[in-house]
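Asker: Let me give you the structure first, and then I'll get to my questions.
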Amino acid sequence: MKETYLRAAAVAADFLSAPAVAGAWAKPSALEMMSVGGLAAHLSRQITMVPELVEGPVEPDAPIVSLLGHYTRVRWRGQPLDNETNQQIRGSAEDLAAPGPAAIAIDANLALTAIPDVLDADDRGIVYLPWTGWSLRTADFLATRTLEIVVHTDDLAASVGLPTPEFGADAVDVVVTLLARLSVQRHGAVPVLRGLARAERAPVSIAAI
């Protein structure tokens, strides 16, 4: 999972430096109620948080949850935009965007340089997420960040009118597999099967998150 995450993060970090991103920084993004700058900062955070959390303290009493269990517990999934958690996420992203596009891109690339050594030194295999109160195994944590990176890089590309950069087959496999499992968790097997294989009987949506 380490190499898959690193390759995906490198694609995102490079895209954050695109002139079109800087040029549209204050404009609305493809995500409602979020600026391009806020979206870019949120994307960058999926890189910069990794060394912080992998090296950060572990809460010994925090439960270690599974990858799917993480998404069952989060308070933003499937919630309306005015949900308190979603408002907090957007507000934090807009605050992070304040230093501007160059600073956000530099922070992402600096973190990306540090992450390989941080992951190599990780002898706990557990990452505590302070905003949730639970921990994930490191590989599962990296899978969640890979999903965020791939999805939000596409959001950012749509926001600035650029093609979505190509991610490696390994990252696509991780993200699509996880989204498919989350979709089944949310909608049940039959709607997902029909959505993927039977257009004539497909539901309106099999959105996973």
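Bear in mind these aren't lab numbers, they're just calculated from the coordinates by the rules spelled out. This one's a predicted model, so the numbers in the text were calculated from it and none came from an experiment. Cβ coordinates were reconstructed from backbone atoms using ideal geometry, including for glycine residues, and neighbour counts include every protein chain displayed.
The rows are residues; the columns are (1) assigned to a helix (DSSP H, G or I); (2) crowded, with 17+ Cβ neighbours inside 10 Å.
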{"residue": "LEU31", "(1), (2)": "no, yes"}
{"residue": "GLY38", "(1), (2)": "yes, yes"}
{"residue": "HIS42", "(1), (2)": "yes, yes"}
{"residue": "ARG45", "(1), (2)": "yes, yes"}
{"residue": "VAL50", "(1), (2)": "yes, yes"}
{"residue": "LEU53", "(1), (2)": "yes, yes"}
{"residue": "GLY56", "(1), (2)": "no, no"}
{"residue": "PRO60", "(1), (2)": "no, no"}
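Asker: Checking the condition under 16 Å from the mean Cα position of the chain (by Cα), surrounded by fewer than 16 Cβ atoms within 10 Å (Cβ to Cβ) and within 23 Å of TRP25 (Cα to Cα), which residue from THR132, THR164 passes?
Answerer: THR164
Asker: For the structure I just gave you, tell me whether ASP107 is in contact with a Pro (Cβ under 9 Å, 6 or more places away or on another chain) and under 24 Å from THR4 (Cβ atoms).
Answerer: So ASP107 fits the description; yes.
Asker: Looking at segment 100-209, what helices (runs of 4 or more DSSP H) fall wholly within it and have at least 2 residues that are among the charged types (D, E, K, R)?
Answerer: Per the criteria, 101-120, 138-160, 169-187.
Asker: Right, next: Does VAL150 count as closer than 19 Å to ALA41 by Cβ, surrounded by 15 or more Cβ atoms within 10 Å (Cβ to Cβ) and of a type outside the set (Gly, Ala, Ser)?
Answerer: yes
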